[in-house]
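Novice: The structure that follows is given in the form of structure tokens.
The values are calculated or read from the model by the stated rules, or taken from the named source; none is laboratory data. Since the structure is predicted, the reported quantities are computational estimates derived from the model, not experimental observations. So basically every Cβ, Gly included, is an ideal-geometry build from the backbone, and we count neighbours across all protein chains shown.
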Amino acid sequence: MNDLLKLLDLTGKDIDHILNVADQMKYNQKHGLTHNYLEGKTLAMIFEKNSTRTRVSFEVGMYQLGGHALFLSGKESQIGRGEPIEDTARVLSRYCNGIMIRTFGQDEVEELAKYADVPVINGLTDFAHPCQVLADLMTIREKMTRLEGLKLAFIGDGNNMANSLIVGGLKCGMEVAVACPEGYDPDPKVLDFAKGQKFTLCRDPKEAAADADAVFTDVWASMGQEGEKEKREKAFAGVFQVNEDLMKLAHPGCMVQHCLPAHRGEEITAETFEAHAEEIFDEAENRLHAQKAVMAILMGEGKL
């Protein structure tokens with residue numbers, strides 16, 4: 001593994017290794033043990049989409065690993081003024097030891113990695129959110145002690161979260177069910193990957209949530225889709241919501257996960273969110289540990 005661009009590029013063993021290292025990172029931090037795997041190293045962080053959790057977790061993570069993170073806003077750097085992505089990749093490779101990018105097009109991330117001489121990490125694109133889903137899988141495994149054989153359900157838009165959950169869940173031996181309105185399906189490349197595996201795409205959230213061990217949801221309109229808000233509300237409202245009635249169909253003790261920010265009263269009720277808040281904020285915390293694992297593995301010169 002030279003980069004983290006999308007979970008389709010990884011094997012189940014790759015994911016398992018990342019999660020094992022993330023568990024160790026979390027243990028070390030909770031017990032006051034240092035892990036300066038990236039001492040003296042720098043991560044360039046390119047943000048063309050706004051962020052809370054991605055920026056803070058990567059920046060804090062680099063600090064805790066002994067390194068330094070450098071924030072680059074698209075508006076304030078030459079990449080925002082039209083500098084070709086391949087030139088940005090080659091320049092940053094001479095200054096930094098790794099690049100994280102949070103942007104719109106997956107093609108931009110792939111192009112960056114093609115020309116960079118240092119590891120590239122996808123902090124989010126419209127196609128994939130691999131760092132978030134690694135944290136999600138870590139959280140499920142913490143609570144359930146395993147992933148293989150469990151059922152993961154996703155309720156809502158077939159967006160980057162749905163894409164990455166399908167791939168990550170299946171590669172870890174989980175059953176995956178996705179419920180979304182017609183016209184809002186996951187990416188065709190992901191659906192092709194899922195063919196012949198324990199995967200269900202349906203229009204009824206109740207079908208997806210039945211006997212689930214972990215139920216996921218996300219906002220109905222992601223960043224860049226604000227203009228579709230009214231249209232999307234009509235497609236999702238009243239049906240594609242995680243609530244107490246839906247959770248009664250899942251296994252007892254079923255987890256609820258949300259990548260945040262959450263719109264209470266839309267994709268999830270306030271009651272259900274608060275009933276599972278501890279799990280959801282464990283999930284948010286685990287972004288830090290999972291990303292530290294990714295950075296240490298990619299940038300740590302084979303130490304892990």
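Novice: Considering only segment 186-206, I want to know if a residue exists there that is among the hydrophobic types (A, V, I, L, M, F, W, C) and either within 23 Å of Glu271 (Cα to Cα) or in contact with an Asp or Glu (Cβ under 6 Å, 6 or more places away or on another chain) (or both).
Specialist: Taking every residue of segment 186-206 in turn, none turns out to be among the hydrophobic types (A, V, I, L, M, F, W, C) and either within 23 Å of Glu271 (Cα to Cα) or in contact with an Asp or Glu (Cβ under 6 Å, 6 or more places away or on another chain) (or both).
Novice: I've got another one for you. Output the residues belonging to segment 197-231 that are within 25 Å of Ser51 (Cβ to Cβ) and more than 22 Å from the chain's Cα centre (by Cα).
Specialist: Gly227, Glu228, Lys229
Novice: Please determine, by comparing only the residues of segment 1-39 that are under 17 Å from the mean Cα position of the chain (by Cα) and small (Gly, Ala, Ser), which one is surrounded by the fewest Cβ atoms within 10 Å (Cβ to Cβ).
Specialist: Taking the candidates together, the pick is Gly12.
Novice: Additional query: Which one of these does Leu260 not meet: (1) closer than 22 Å to Asp204 by Cα; (2) part of a loop (DSSP other than H, G, I, E, B)?
Specialist: The number of the failed condition is (1).
Novice: So which of Met255, Met223 is at pLDDT below 95 and under 29 Å from Asp9 (Cβ atoms)?
Specialist: Met223 is the lone residue from the list that is at pLDDT below 95 and under 29 Å from Asp9 (Cβ atoms).
Novice: May I pose another question? Please state which one of Asp211, Asp218 is touching a residue at least 60 places away in the same chain (Cβ under 8 Å) and within 19 Å of Gly173 (Cβ to Cβ).
Specialist: Asp211
Novice: Continuing with the same structure: Condition (residue is acidic (Asp, Glu) and either surrounded by 24 or more Cβ atoms within 10 Å (Cβ to Cβ) or assigned by TED's automatic domain parsing to the domain that holds Gly12 (or both)) applied to segment 199-220: is it met by at least one residue?
Specialist: Yes, that holds for at least one residue.
Novice: Looking at segment 263-284 only, could you name the residues that are touching a residue at least 60 places away in the same chain (Cβ under 8 Å) and assigned to a helix (DSSP H, G or I)?
Specialist: Those that are touching a residue at least 60 places away in the same chain (Cβ under 8 Å) and assigned to a helix (DSSP H, G or I): Glu279, Asp282, Glu283, Ala284.
Novice: Within segment 86-100, which residues are assigned to a helix (DSSP H, G or I) and either over 18 Å from Gly40 (Cβ atoms) or of a type outside the set (A, V, I, L, M, F, W, C) (or both)?
Specialist: Residues satisfying the conditions are Glu86, Asp87, Thr88, Ala89, Arg90, Val91, Ser93, Arg94, Tyr95.
Novice: Surrounded by 14 or more Cβ atoms within 10 Å (Cβ to Cβ) and of a type in the set (D, E, K, R): which single residue out of Asp185, Asp192, Asp245 fits that description?
Specialist: So the residue among Asp185, Asp192, Asp245 that is surrounded by 14 or more Cβ atoms within 10 Å (Cβ to Cβ) and of a type in the set (D, E, K, R) is Asp185.
Novice: Any residue at all in segment 38-48 that's in contact (Cβ under 8 Å) with a residue 40 or more places away in the chain, in contact with a Lys or Arg (Cβ under 8 Å, 6 or more places away or on another chain), in a helix (DSSP H, G or I) and outside the structural domain of Ser222 (by TED's automatic domain parsing)?
Specialist: The answer is no; no qualifying residue exists.
Novice: Against the definition (in contact with a strand residue (DSSP E or B) (Cβ under 7 Å, 6 or more places away or on another chain), at pLDDT below 95 and surrounded by 21 or more Cβ atoms within 10 Å (Cβ to Cβ)), how does Ile140 come out, yes or no?
Specialist: Spelling it out, it is not the case that Ile140 is in contact with a strand residue (DSSP E or B) (Cβ under 7 Å, 6 or more places away or on another chain), at pLDDT below 95 and surrounded by 21 or more Cβ atoms within 10 Å (Cβ to Cβ).
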